[in-house]
Amino acid sequence: MQILLFFSGLGALLYAMRLMESSLSTLGAGHLRTALLQSTRNPFMGMLLGTVTTAILQSSSLVGLMTMAFVGAGVLPFRNAIGVILGSNLGTTFTGWLVATVGFKFDLDGYASLLIGMGALIFVSTRENSRWAETGRFVLALGLLLFGLVLMKDSIGFVVDLVDVGSLQNYPVVVYFLVGAVLTAIIQSSSATMMITLAALHAGLLELHAAAALIIGADLGTTSTVIIGSITGTSTKRQIALVHFLFNGVTDILALVCLPLLLELVTGFYGISDPLFALVAIHSSFNLLGIVLFLPLVPQLASLAERLVPLPVERSLLIAQVPPQVPSAAFDALEQDIRMLLHSTILLNGWRLGLLADKQSMRQAELPETPEAAYTRLKSDEYQLSDYLLELQRLELSPEQAGRMHQLLVCIRDCLYSAKAVKDVAGNVLELEKVEGRAIVELLKELLETTEKLYHDSLDLLGSANGINLADLRAMLNRVNGQHQA
């Protein structure tokens with residue numbers, strides 16, 4: 001029964017962390033996006049942002065994936081993201097301090113039950129997908145987290161009866177390091193590994209040096225989440241994953257080699273005698289030292305990543321770099337891709353009708369060599385964008401996001417309908433140009449001139465650095481409607 005209780009606690013803990021990540025990503029994604037834009041002007045600012053954000057969201061993996069998504073969406077430059085990645089490692093140590101302070105120093109049974117009940121009540125009493133509902137989910141997740149921790153803490157004593165604790169002391173620290181890395185890669189959470197290690201240390205199953213080696217290994221194992229997310233991704237994703245792995249790998253190897261010095265620093269210099277606080281102090285110390293080492297080297301680290309994983313020369317959609325699980329970044333990428341889709345559709349239509357000669361020469365590199373190839377690529381982009389929107393539709397979106405998704409879908413389909421319509425009538429236009437008849441020639445000339453002006457105005461609107469002016473757009477629509485009725 002004790003074994004079952006331990007794994008039940010672990011299951012509740014892991015589920016609670018996933019629930020907490022989901023609710024916090026919904027509650028904080030917009031704020032994180034704003035903060036990313038305003039607070040990553042230099043690596044130090046980015047590091048502070050990564051530290052604070054990870055401490056709030058309780059997951060360096062989540063912050064890494066969200067940062068990767070914003071980089072892929074073109075919202076955050078790759079070099080600005082490096083500071084955020086460095087800071088996320090320090091921010092994740094906040095979990096250890098919280099658990100060591102609260103989880104093993106206070107009776108959490110009553111608090112866990114209260115949070116679970118209150119969170120569930122808030123969730124079922126509010127409108128689905130509202131901020132209150134997400135807040136209720138977060139409170140419920142926090143209660144489950146404490147409940148799982150209580151089960152693990154109270155039941156782990158069974159290991160004493162099953163395992164000769166003395167025999168564990170004979171293993172070298174590198175074994176504990178590898179165990180920590182593998183365990184974290186399997187359960188996909190260094191915070192969960194920290195909680196398991198703290199529980200084992202509290203029960204006397206591990207010595208401080210062995211627990212420290214486990215946590216150092218967990219720090220390396222946590223890079224697996226971002227690495228897995230980048231395997232089938234774009235070069236930008238792999239650059240982020242490489243930076244994350246290099247930083248953690250070098251920092252963790254140095255920490256393992258200098259473990260005796262870290263132990264002396266914490267127990268001797270800091271004067272921390274409590275093993276639980278000593279462990280989390282070691283965790284924070286080697287991550288802080290790693291940041292001090294790497295922060296001045298951010299430009300060199302970025303150059304190395306860009307050299308080892310160069311960006312492809314060929315054109316690709318931004319959505320390929322952004323997971324739909326981060327809706328705010330996904331919509332940013334979608335809007336930029338659809339803006340380029342509109343631009344390419346106008347150029348292709350003008351090309352088929354023999355218009356926009358100057359614009360075509362300026363933008364010729366964007367279009368394939370023939371109108372047929374350009375049309376094929378346009379259809380391919382439309383299919384990718386539509387499929388991406390369908391993936392987004394499966395997520396829990398706000399009413400505003402759902403409405404925006406419908407607008408974007410209509411825009412994508414209108415682009416393809418427009419290109420297909422012009423493709424079908426382009427031959428008719430050529431035939432009409434050969435017809436002898438002044439009235440037909442004049443009418444065709446007037447239609448083409450009107451269309452060319454419409455295309456020019458549309459390209460100017462799309463290319464405006466200040467965004468699309470709604471007054472200009474309404475004036476254009478009114479002019480088109482008037483000409484259509486005439």
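Note on exposure: ILE282, ILE56, ILE272 ranked by accessible area (1.4 Å probe, complete protein assembly) read ILE56, ILE272, ILE282, with the most exposed listed first. Note on exposure: ILE253, ILE216 ranked by accessible area (1.4 Å probe, complete protein assembly) read ILE253, ILE216, with the most exposed listed first. For the listed peptides 133-146, 374-387, a ranking on the average number of other beta carbons within 10 Å per residue, highest first, reads 133-146, 374-387.
In order along the range 201-211, the Karplus-derived 3J(HN,Hα) couplings, from 6.51 cos²θ - 1.76 cosθ + 1.60 at θ = phi - 60°, round to 5, 5, 7, x, 7, 10, 7, 4, 5, 5, 4 Hz, and Gly and Pro are given as x. The largest accessible area among SER303, SER284 belongs to the first residue in SER303, SER284, and the rest follow in falling order (1.4 Å probe, all chains).
For the range 171-291, the fraction of C-alpha pairs more than 26 angstrom apart is 19%. Scalar couplings 3J(HN,Hα) for the range 318-331, obtained by applying the Karplus form with A = 6.51, B = -1.76, C = 1.60 to θ = phi - 60°, are 5, 4, 5, 9, 10, x, x, 5, 10, x, 4, 6, 4, 5 Hz; x denotes Gly and Pro. Output wanted: per-residue J couplings in Hz (rounded whole) for the range 340-355, from phi through Karplus 6.51 cos²θ - 1.76 cosθ + 1.60, θ = phi - 60°, x for Gly and Pro. Whole-Hz 3J(HN,Hα) from phi for the range 340-355: 5, 5, 4, 4, 5, 5, 5, 4, 5, 5, x, 4, 5, 8, x, 10. Probe 1.4 Å, all protein chains in place: accessible area of GLU396 in Å², nearest 10? Around 110 Å² of this residue is reachable by solvent. Looking at the range 428-460, the GluC sites (Glu not before Pro) that sit in a DSSP loop and have at most 15 other Cβ atoms within 10 Å of their own Cβ are GLU436.
The values are calculated or read from the model by the stated rules, or taken from the named source; none is laboratory data. Here the structure is a predicted model, which is why all the values come from computation and not from measurement. Reconstructed Cβ throughout: ideal geometry from the backbone, glycine too, with neighbour counts over all protein chains shown. Just so you know, the surface numbers come from the protein's heavy atoms only, side chains and all, with ligands and any DNA or RNA stripped out. Shrake-Rupley method; radii C 1.70, N 1.55, O 1.52, S 1.80 Å.
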